[in-house]
Amino acid sequence: MATRITILGASGSVGSAVADVVAAHPDRFEVEAVIGGRDARALAAVALRLRARLAVLADGEGGPALAEALAGSGIASAAGETAVLEAVDRECDLVVAAIAGTAGLRPTHRALRAGRRIALANKECLVTAGHVFMRDAARAGATVLPLDSEHNALFQALGNATVEDVEAMTLTASGGPFRDWPAQAIAEATPEQALKHPNWSMGAKITVDSAGLMNKGLELIEAHHLFGLPAARLRAVVHPQSIVHGIVHFRDGSLAAGLAMPDMRVPVAHCLAWPERLDMAVPRLDLAAMGCLTFAEPDTARFPALRLAREALEQGGAAPTVLNAANEVAVEAFLAGRIRFGDIARLVEAVCTHEGGGPAPAGIDEALAVDLAARERTRAYLRQSY
């Protein structure tokens, strides 16, 4: 029987990789619903390609354009926040959670219905409300499969071992476009420069996060919730080739690593078919041709965002929620040309220093309230200082 899936964030970069895997195995998957943000034409194209039963835009004003793009196809359409949640409620076996930002928090949490699998690519579910999300997933009997390349590599490398067998876990970072740049040049980098990632094709926000290593810091927080390891046992290293994605260090001194070419279709295929494997026409890794794989400690003096994220993880409570909210506002301001690249970390640190206390959110509404308050405070800092 085919696996019925719903794709949250179907028109984004992860959604595109999901569509490629599904299209390559039409006998294995049926698409119940595809959900996008604002781009009606892009979402309609995905829906038509995958023969989805329903397409939904989060932007309510885009409903007419989506309906027009799907006219005569037999694919139902809807728009608005309520329509998104109703789409998530439709029967399916697996939900791919790839909506970027806190906009994905409520619909992904809604997807935690008994027996479902969640292929999780939305960082904010775990950074903003990790305790709530993993607690409610356990209560609902849902299986959370990590879809980010690093966490998926850790998941595969862990295999049948238990967390008690694990001494540490290491996530790798490419180092981004500024890996070899001096601190002053990084501080003054433009959005165009920050968006030139050397290895991955991603959305603007995550690409900027990667350039400053904030993305790796957020991934450490995710790993804490996914695998239950404390901050002291979670590491990050710079690995420019992006071939080794995650390493599990076992207590007997052995290591297991997840290696693959930097192609999101690899972790996507693993999550969609889990616990089975799919044949995939993706580039194969040739270690002899690669010749050399290098690793280095990250420089938190040049990339302070990684330090800030680790400090938030160590502090716990609401600190990661505040960190994420402040960073989203700061990155948005950078992309709009209001602040310099170096101001992102300075702004985030200022907000976290004054607003980062308090207990961990006890529910989704509380997490979103903390997030909103932190965003408002960050915008106030922006108005005062820039």
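Numbers below:
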item	result
Matching residues in region 273-309 - criterion: being of a type outside the set (D, E, K, R) and assigned to a helix (DSSP H, G or I)	ALA273, LEU287, ALA288, ALA289, MET290, PRO304, ALA305, LEU306, LEU308, ALA309
Pairs with Cβ under 8 Å, 6+ apart, first in region 363-386 and outside the structural domain of THR128 (by TED's automatic domain parsing), second outside any helix (DSSP H, G or I) and surrounded by 18 or more Cβ atoms within 10 Å (Cβ to Cβ)	ALA367/PRO361; ALA369/PRO361; VAL370/ALA318; VAL370/PRO361; LEU382/ILE339; TYR386/ILE339
Output for region 176-212, where each listed residue is at pLDDT 90 or above, among the polar types (S, T, N, Q) and surrounded by fewer than 17 Cβ atoms within 10 Å (Cβ to Cβ)	GLN184, THR190, GLN193
Total residues in region 340-373, condition part of a helix (DSSP H, G or I) and closer than 19 Å to HIS109 by Cβ	9
Options THR108, THR143, THR128: the member that is free of Cβ contacts under 8 Å to residues at least 40 places away in the same chain, in contact with a helix residue (DSSP H, G or I) (Cβ under 9 Å, 6 or more places away or on another chain), in the same structural domain as ALA40 (by TED's automatic domain parsing) and among the β-branched types (Val, Ile, Thr)	THR143
Filtered residue count, region 155-187, keeping only those that are touching a Leu at 6+ places or on another chain (Cβ under 8 Å), farther than 22 Å from ALA100 by Cα and assigned to a helix (DSSP H, G or I)	1
ARG338 surrounded by fewer than 24 Cβ atoms within 10 Å (Cβ to Cβ), assigned by TED's automatic domain parsing to the domain that holds ALA367 and at negative phi	yes
Residues of region 146-165 satisfying the condition of being more than 24 Å from the chain's Cα centre (by Cα) and among the hydrophobic types (A, V, I, L, M, F, W, C)	ALA161
Residues located in region 121-139, provided they are under 15 Å from ALA312 (Cα atoms) and at pLDDT 95 or above	LEU126, VAL127, THR128, ALA129, GLY130, HIS131
The one condition in (1) outside any strand (DSSP E or B); (2) outside the structural domain of ARG233 (by TED's automatic domain parsing) that ILE118 fails to fulfil	(1)
Test set (1) closer than 21 Å to ALA45 by Cα; (2) in the same structural domain as GLY258 (by TED's automatic domain parsing) - ALA161 fails condition number	(1)
Filter pass, VAL56 being farther than 20 Å from ALA24 by Cβ, surrounded by 15 or more Cβ atoms within 10 Å (Cβ to Cβ), touching a helix residue (DSSP H, G or I) at 6+ places or on another chain (Cβ under 8 Å) and of a type in the set (A, V, I, L, M)	yes
Pairs with Cβ under 6 Å, 6+ apart, first in region 6-34 and on the phi > 0 side of the Ramachandran plot, second not in a helix (DSSP H, G or I)	GLY9/ALA98; GLY9/ILE99
Sole residue being in contact (Cβ under 8 Å) with a residue 40 or more places away in the chain and assigned to a helix (DSSP H, G or I), chosen from HIS270, HIS249, HIS245	HIS270
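The values are calculated or read from the model by the stated rules, or taken from the named source; none is laboratory data. Just so you know, these numbers come straight off a predicted model, no measurement behind them. Neighbour counts run over all protein chains shown; Cβ positions are idealised from the backbone, glycine included.
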